Amino acid sequence: MSRKKNEIFEIGGVNHLALVCKDMARTVDFYTNVLGMPLIKTIDLPQGMGQHFFFDIGNGDSLAFFWFPDAPHAAPGVASAANLPGKSIVSAHGSMNHVAFNVPAEKIDEYYGKLIAKGIKPTRIMNHDDSEYQISADVTPSTFVRSIYFFDPDGICLEFAAWTRALDPAIDAIHEPVDAAGKKKMRTLSPAE
């Protein structure tokens, strides 16, 4: 998918996204054996502070997990989404709502079946588009991404996302952002060219 170039910073993707798990052994099992992500770096933090493990998610990007022996309990609906799409996906300001992994469009149906075969309970395949409800049963000319959502063992919402068309900011980035009160504001910066 072709994108406009960032003229301010040369950012080449996500180096890593760091999340927190309750059980590192269970996390390693899920991400390596269920999702097939290679474990590429493990760290025992100094002075018994915990662990930090990294998984390869492709393109030189990584998904990392911390395990802290004294971490607070999960707070779904606050620190993360409490539900999969189809129900309320609201989470708190500054939270991490979900992680979307880019997958090939021609593989989305196959991957849906693989998730089910591995005992995962995903949403149906969602065709996100520009219709009134922003989702269609079928792929339409305005469909821009097909998605499957599911939870990891800690309740982190994950998504397999497949782009279906090139995005054009002239037609796909037309909404004004809202402020904290929900009032739309004029954009003051143009997208990077």
Exercise. How would Glu159, Glu7, Glu110 rank on accessible area, largest to smallest, probe 1.4 Å?
Worked result: Glu7, Glu110, Glu159
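If I take every Cα pair under 8 Å that is 6 or more residues apart in the chain, average their sequence separation and divide by the length, what percent do I get for the relative contact order?
Relative contact order here is 19 percent.
Calculate how large, on average over all directions, the projected area of the Cα convex hull of the range 69-193 is; give the answer in nm² to one decimal. Kindly include the intermediate steps, with their values, before the conclusion.
Working: hull surface 42.7 nm².
Result: a mean projected hull area of 10.7 nm².
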Exercise. Can you list the HN-Hα couplings for the range 134-144, worked out from phi with the Karplus curve (6.51, -1.76, 1.60; θ = phi - 60°), rounded to whole Hz and with x for Gly and Pro?
Worked result: 6, 7, 10, 5, 10, 6, 10, x, 8, 5, 10
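Given DSSP loops and a limit of at most 10 other Cβ atoms within 10 Å, what is the longest stretch of the chain that contains no such chymotrypsin sites (Phe, Trp or Tyr not before Pro)? Could the numbers behind the result be given before it?
On the way: sites that count: Phe9, Tyr133.
With a cap of 10 other Cβ atoms within 10 Å, the longest stretch comes to 10-132.
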For this session: Using the charge dipole of the chain (Lys, Arg: +1 at Cβ; Asp, Glu: -1 at Cβ; taken about the Cα centre), state which of Phe151, Leu63, Val14 has its Cα farthest towards the positive end.
Result: Phe151
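Please calculate how many Å² of accessible area the range 79-193 carries per residue, with a 1.4 Å probe and no DNA, RNA or ligand atoms counted. Working shown, then result.
Details: 7240 Å² over 115 residues.
Per-residue accessible area for the range 79-193 comes out at 63 Å².
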Exercise. Any idea what angle helix 108-117 forms with the longest principal axis of the chain, computed on alpha-carbon atoms, 0 to 90 degrees, nearest 10?
Worked result: 30 degrees
Exercise. What is the Cα centroid distance between the range 109-140 and the range 41-84, reported in whole angstrom?
Worked result: 27 Å
Problem set entry | Nitroxide proxy distance, nm - points 7 Å out along Cα→Cβ at Lys5 and Ala25 | 5.1 nm
Seminar exercise, completed: Once Lys41 and His16 are pulled to full extension, the length gained, defined as 0.36 nm per residue separation minus their Cα-Cα distance, is 7.8 nm
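Summarise the accessible area of the chain (1.4 Å probe, protein heavy atoms) by the percent that is carbon and sulfur.
Carbon-and-sulfur percentage of accessible area, whole number: 56.
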Problem set entry | Order of exposure, largest accessible area first, which applies to Asp179, Asp129 with probe 1.4 Å | Asp179, Asp129
Problem set entry | the chain: calculated mean residue ellipticity at 222 nm from DSSP helix runs of at least 4, using -39500 (n - 2.57) | -2500 deg cm²/dmol
Seminar exercise, completed: The Cα radius of gyration of the range 1-127, divided by 2.2 N^0.38 Å with N its residue count, comes to 1.20
Exercise. How would Lys183, Lys114 rank on accessible area, largest to smallest, probe 1.4 Å?
Worked result: Lys183, Lys114
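The values are calculated or read from the model by the stated rules, or taken from the named source; none is laboratory data. Being a predicted model, the structure only gives us computed values, none of them experimental. Glycine also receives a Cβ, built like all others from the backbone with ideal geometry; neighbour counts cover every protein chain displayed. Remember, those area values only see protein heavy atoms, side chains included, never the ligands or the DNA or RNA. Shrake-Rupley method; radii C 1.70, N 1.55, O 1.52, S 1.80 Å.
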